[in-house]
Amino acid sequence: MLWRSVVGKLWFTFLLLVTVVLTILMVMLLRSFEKFHIQEAESQLVHHANMIANIYDGYTDQDEALMRIGQYTELLEINIILVNQGKKVMDKVEPGSWNLPLEVFYQNERLSQVFEGQSVVIEEGKFMLDDSNYTAPELMVAGVPLRTNEVDNSAVFLYQSLDVIEETSRETKGIIYLSAGIAIVLTTIFAFFLSTRITAPLRRMREAALELARGKFESKIPIVSHDEIGLLGMAFNRMARDLNVSMTELNQEKEQLSRILISMADGVITFNRQGEVMITNPPAERFLESWLYEDGVINQEMTPVELNNLFQKVVAGEKEQQLEMNIQGRSWAILMTPLYDADQIRGAVAVIRDMTEERQYDKLRKDFIANVSHELRTPISMLQGYSEAIIDDIAESHEEKKELARIIYDESLRMGRLVNELLDIARMEAGYVDLQKDEMDIHTFIQKVVRKFNGLAKDEEISLNLETIADLPTGYFDPDRIEQVLTNLIHNALRHTPKGGRVTVKVNRDENYFLFDVDDNGSGIAEQDLPYVFERFYKADKARTRAKGGTGLGLAIAKNIIDSHKGEITVRSKLNEGTCFSFKLPII
């Protein structure tokens with residue numbers, strides 16, 4: 001982990017650099033000191049040899065000269081051999097040192113040059129000892145010729161072991177190694193401290209970057225220096241401000257787009273490259289819900305096969321395609337257009353428009369006059385016919401005239417009801433609805449409404465059931481109007497359910513609404529009639545028989561009553577399987 005961090009890398013780099021530099025310096029210093037010590041030792045040996053040669057040459061008496069030489073060399077830890085005319089006249093060997101035989105100096109090529117009186121010789125190496133094959137340790141030998149006379153074979157040889165020089169070198173090495181160790185330790189501390197100081201702003205930048213990744217664009221990095229890291233921090237803060245502005249603008253555009261999609265009357269579905277649904281708005285969701293109910297699909301993530309085929313055509317042809325679908329009696333026009341990412345198609349967008357209302361208006365425009373004329377023509381014809389019968393004295397007896405008058409009266413009542421219902425609808429659509437709202441216990445209210453139809457259901461041999469939940473709050477609505485809606489729905493269900501069938505009234509709730517359902521397993525409503533059941537004068541019975549009665553205005557009135565309560569009424573049905581009318585009222 002340390003190696004993967006910037007601190008570890010900087011620390012290791014500094015340490016490696018200092019170690020390499022110290023190693024090179026140590027090698028150079030050790031070689032320099034070793035050379036210096038050897039040169040110093042050689043210089044001292046030559047100096048002492050010259051002094052001894054001068055002392056020996058300065059006295060005519062050999063014994064006095066040797067005495068002076070002994071006094072001079074008394075404190076020197078140096079081995080001395082003085083040769084005069086080929087004979088060893090002085091041989092001083094330090095205790096514990098090695099005694100070199102005289103033959104060594106004659107046999108050594110360089111040392112033998114001293115006897116010729118030509119030069120001062122320095123020789124380092126290993127030399128054979130007396131009467132043995134044992135080799136002495138490495139020695140440094142300095143030879144100086146005696147110039148008292150011109151006789152050959154006279155010289156002074158001084159030698160000492162190189163262990164003294166190595167001891168001095170070892171002390172020097174110890175000092176150098178200690179200095180290097182201290183330098184490495186100090187470098188380690190300094191490098192770690194420096195790298196930590198350098199990387200501290202980087203760690204703060206990392207934390208700030210993580211905050212940015214979590215969407216907190218207000219994070220700022222304190223600027224404590226104006227070097228490259230400080231400039232990087234300033235650039236990071238500027239980037240954060242720009243990102244904050246950009247994200248705010250994006251969120252605003254996203255919110256604006258979302259509100260536009262929600263407020264659109266047309267449905268919008270966006271597909272990705274794989275044909276998966278990405279974005280939908282409420283009208284599109286209602287379209288998909290209708291399709292799921294129509295085809296009995298359980299998987300909520302599936303899309304209509306027709307849409308998938310249309311999507312494949314759009315992707316393959318790279319141009320917009322159109323389609324019309326009929327679902328639950330509603331007509332949907334679909335326009336799908338490809339979406340491009342540069343030159344590549346990245347998906348498609350489908351605009352779904354509910355064309356039911358337009359077609360409904362066309363149909364109503366054609367059928368309205370026929371519906372009104374039919375509803376008014378029958379009672380008017382009966383009024384005219386029976387009144388003519390009375391005028392022409394066709395009814396001779398008082399009882400016959402009374403019967404004809406009763407028929408005329410009933411038909412006038414029928415016309416009155418029709419006119420009153422038309423007036424109610426007109427007032428409701430104009431917004432003049434007089435609601436007498438009151439707090440009502442839902443259980444008591446619904447039981448009273450259902451109880452009114454128990455006798456009719458029993459006579460028709462139909463099972464009438466009531467299903468409610470226990471925790472229903474108190475409702476606030478116009479009880480007479482809502483009873484009128486329920487009466488119409490239950491009565492319609494009983495009229496269109498055969499013997500042995502069932503009608504179920506359900507009351508439930510969600511977070512904001514009371515949910516009422518009137519469900520039956522009767523004859524059902526044809527798919528093409530579903531969009532028009534709440535329209536005035538509309539009847540699914542095209543024969544217009546009056547065997548089951550009704551003026552075709554009940555459901556239109558029910559819809560207006562529910563709308564005036566800020567609710568919603570819907571219908572789901574399948575032919576010969578049953579019908580379910582549902583409406584919801586807000587919980588206040």
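Only strands (runs of 3 or more DSSP E) wholly contained in region 255-367 count here; list those with 1 or more residues that are touching a Leu at 6+ places or on another chain (Cβ under 6 Å), open to solvent by less than 80 Å² (accessible area, probe 1.4 Å) and of a type in the set (Val, Ile, Thr).
It comes to 267-272, 330-341, 344-354.
Out of the residues in region 552-566 meeting the condition of being under 49 Å from the mean Cα position of the chain (by Cα) and open to solvent by less than 20 Å² (accessible area, probe 1.4 Å), tell me which one is farthest from LEU435 (Cα to Cα).
ILE562
Looking at region 260-272, which of its residues are more than 19 Å from GLU324 (Cβ to Cβ) and modelled with pLDDT under 85?
ILE260, LEU261, ILE262, SER263, MET264
Going through GLU429, GLU460, GLU400, GLU411 one at a time, which residue ends up being modelled with pLDDT of 80 or more and either farther than 26 Å from VAL518 by Cα or among the charged types (D, E, K, R) (or both)?
From the options GLU429, GLU460, GLU400, GLU411, the qualifying one is GLU460.
Among the residues of region 542-549, is there at least one that is loosely packed, with under 15 Cβ neighbours inside 10 Å and at pLDDT 90 or above? Lay out the reasoning, then the answer.
Taking region 542-549 and keeping what is loosely packed, with under 15 Cβ neighbours inside 10 Å, we get 542-549.
Then keep just the ones that are at pLDDT 90 or above; that gives none.
No; the residues of region 542-549 include none that is loosely packed, with under 15 Cβ neighbours inside 10 Å and at pLDDT 90 or above.
Restricting the first residue to region 63-81 and requiring it to be farther than 14 Å from LEU158 by Cα, which pairs with a second residue that is assigned to a loop (DSSP other than H, G, I, E, B) meet a Cβ separation below 6 Å and a spacing of at least six or different chains?
Correct list of pairs: ALA65/TYR59.
Say we look at region 107-123 and pick out the residues that are exposed (fewer than 14 other Cβ atoms within 10 Å of the Cβ) and within 21 Å of TYR56 (Cβ to Cβ); which of these is farthest from the chain's Cα centre (by Cα)?
Checking each candidate, the answer is GLU116.
Can you spot a residue in region 212-219 that is open to solvent by 40 Å² or more (accessible area, probe 1.4 Å), at pLDDT below 75 and polar (S, T, N, Q)?
Checked against the condition, which is being open to solvent by 40 Å² or more (accessible area, probe 1.4 Å), at pLDDT below 75 and polar (S, T, N, Q), region 212-219 yields no hits at all.
Name the single residue, out of those in region 107-133 being outside any loop (DSSP other than H, G, I, E, B) and farther than 15 Å from LEU45 by Cβ, that is modelled with the lowest pLDDT.
Ranking the candidates gives MET128 first.
Can you pull out every residue in region 172-203 that is within 24 Å of LEU30 (Cα to Cα), surrounded by 12 or more Cβ atoms within 10 Å (Cβ to Cβ) and either of a type outside the set (Ser, Thr, Tyr) or free of Cβ contacts under 8 Å to residues at least 24 places away in the same chain (or both)?
Selection gives LYS173, ILE175, ILE176, SER179, ALA180, ALA183, ILE184.
The values are calculated or read from the model by the stated rules, or taken from the named source; none is laboratory data. This is a predicted model, so every value here is computed, not measured. For neighbour counting, all protein chains shown are included, and Cβ atoms are generated from backbone atoms with ideal geometry for every residue, glycine included. Protein only, heavy atoms only, side chains kept; ligands, DNA and RNA dropped before computing areas. Shrake-Rupley method; radii C 1.70, N 1.55, O 1.52, S 1.80 Å.
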